[in-house]
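Worksheet: one structure, shown below.
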Amino acid sequence: MSKIGSFDYPDTQMGTLLKALDILVTTFHGEAKEETNFASAIGHTNTKSGGYIQKIADLRRYGFIEKGRFVATTNGKKIIHPLSPQEKNSTLDECIMSIALWKALHGRFGSSTPSAEDFKIHLTEVTSDRDQAVKTGDKIRNLYIDAMKYYTATTKLPVKNDRFKMDGKKDENGETEEIPADLVTLRSGETNITLKKTEANINILVSALNEMKNEIKSEKKK
């Protein structure tokens, strides 16, 4: 697993991991007693290759298989053989948000897809590792966007940054919080997005507002 700042993050795309998990649960009935057999089944000729080792580490990091064994976790089984679509979605959401970096970034972007430039800005702020953000930002952005394709929760995570204060909202001391001049925010119901005030981020909020407008139009047609 790769690292930026103090954050570990998976290197394998979610679709690839879910295919491997499906093989473990469906073909091996949740437990591979021989590692070599499992490695072969998920497309690797040996258990020493870097790609295989990374894939196994990422399966464990997401909580799909147990540490030290090739056994599907309860969450892994729920995802492959769920009792309902809701159970699969909520379990997968939980596993995705167990990655601290994904959770922190989702707190910044919500359901929006960040531009490459804005992603690196926020990645630097979250991790305090500018050098790695510049060097590996595009790779991390692709991995983040891929993971978010499988994230289904409709509620947005609150922005967990003390500098992000909402206009008109009371803090713990009952005082009204204000929005810093270099930030722009959109709050409506469960939508809570606060971003750096840049042209690209304003376009993100405009897109969010357009989505709200389309939802209102759809409701009126019903």
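Just so you know, all these numbers are worked out from the coordinates, no wet-lab data involved. Keep in mind that this is a model prediction, so the values were computed, not measured. We place every Cβ from the backbone using ideal geometry, glycine too, and count neighbours over all the protein chains shown.
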Semi-axes a, b, c in Å (a largest) for the stretch 2-81, each sqrt of 5 times a Cα gyration tensor eigenvalue, come to 20, 15, 10
Hydrodynamic radius by Kirkwood for the stretch 76-118, inverse mean 1/r across distinct Cα pairs, in Å, is 11.7 Å
1/(1 + (r/R0)^6) with r = Cβ-Cβ of K19 and H81, R0 = 25 Å, i.e. FRET efficiency to nearest 0.05, evaluates to 0.95
Length gained, H29-M97, 0.36 nm per residue minus C-alpha separation, equals 21.9 nm
Whole-number value, in Å³ per residue, for the convex hull of the alpha carbons of the stretch 1-139 is 112 Å³
Taking 0.36 nm per residue of separation between K135 and D8 and subtracting their Cα-Cα distance, the length gained on full extension comes to 44.2 nm
Rounded to 0.05, the calculated FRET efficiency for the beta carbons of T198 and A57 at R₀ = 30 Å is 0.30
Per the 1/(1 + (r/R0)^6) rule, R0 = 35 Å and r from the Cβ atoms of A41 and K213, FRET efficiency to 0.05 is 0.10
Along the stretch 134-141, Karplus-curve 3J(HN,Hα) (6.51, -1.76, 1.60; θ = phi - 60°) to the nearest Hz, with x for Gly and Pro, reads 5, 6, 10, x, 5, 5, 5, 4
